[in-house]
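Here's the structure we're looking at; comments come further down.
The values are calculated or read from the model by the stated rules, or taken from the named source; none is laboratory data. From a predicted model like this one, the values you see are computed outputs, not experimental measurements. All Cβ positions, glycine included, derive from the backbone under ideal geometry; neighbour counts span all protein chains shown. Surface accessibility is based on the protein's heavy atoms, side chains included, excluding ligands, DNA and RNA. Shrake-Rupley method; radii C 1.70, N 1.55, O 1.52, S 1.80 Å.
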Amino acid sequence: DENPKLAVGGVTISWVRETLFSIFQLRQRRYAARIETPVLIVSAQDEKVVDSTSHQEIARHMPYCQVLSIPDCKHEILQENDVVQSVFWKAFDGFMEKWLES
């Protein structure tokens, strides 16, 4: 609100189409099971934009996926307060250290 130049614009038709396609693909268990890249899904517990319950469902089918659910935050985790951001960065750093050592 203080700096309107930092506002994020609305979604485009192309963005919606690609998002729906990626959701469809990830819901295919065989597709998700073939993803061998380590993935950290960070979910906001007070999410109002996406269905964060689907994160656990998708992660169950991915062999190297970890889900972190952060309480008291909304969709834009990195735009939250310092406490929420520190939880994210601690988890991110730990995740990266684990997989970079592998």
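For this structure, a couple of remarks:
- Carbon/sulfur fraction of accessible area - the chain, other protein chains in place, 1.4 Å, %: 55
- The chain: most fluctuating residue of GLU36, GLU57, GLU18 per GNM, C-alpha cutoff 10 Å: GLU18
- Leading residue at positive end of dipole, the chain (Cβ point charges), from VAL67, VAL8, ALA91: VAL67
- Rg/Rg_ref, the stretch 1-97, where Rg_ref = 2.2 N^0.38 Å and atoms are Cα: 1.21
- For the stretch 43-102, the dipole from Cβ point charges (+1 on Lys and Arg, -1 on Asp and Glu) about the Cα centre works out to 180 debye, to the nearest 20.
- Max mean-square fluctuation residue, GNM over the chain, Cα-Cα springs under 10 Å, options ARG34, ARG17, ARG60: ARG17
- Solvent exposure of the chain as accessible area per residue, Å², 1.4 Å probe: 80
- Just checking the listed ones, VAL39, VAL87, VAL11: in the Gaussian network model of the chain with Cα springs under 10 Å, the one fluctuating most is VAL11.
- Placing R0 at 22 angstrom, the Cβ-Cβ distance between LEU20 and LYS74 gives a FRET efficiency of 0.45 after rounding to 0.05.
- Among residues other than LEU68 with Cβ under 14 Å from its Cβ, the summed charge is -2 (Lys and Arg +1, Asp and Glu -1).
- Given +1 at the Cβ of Lys and Arg, -1 at the Cβ of Asp and Glu and no other charges, the dipole of the chain around its Cα centre is 660 debye to the nearest 20.
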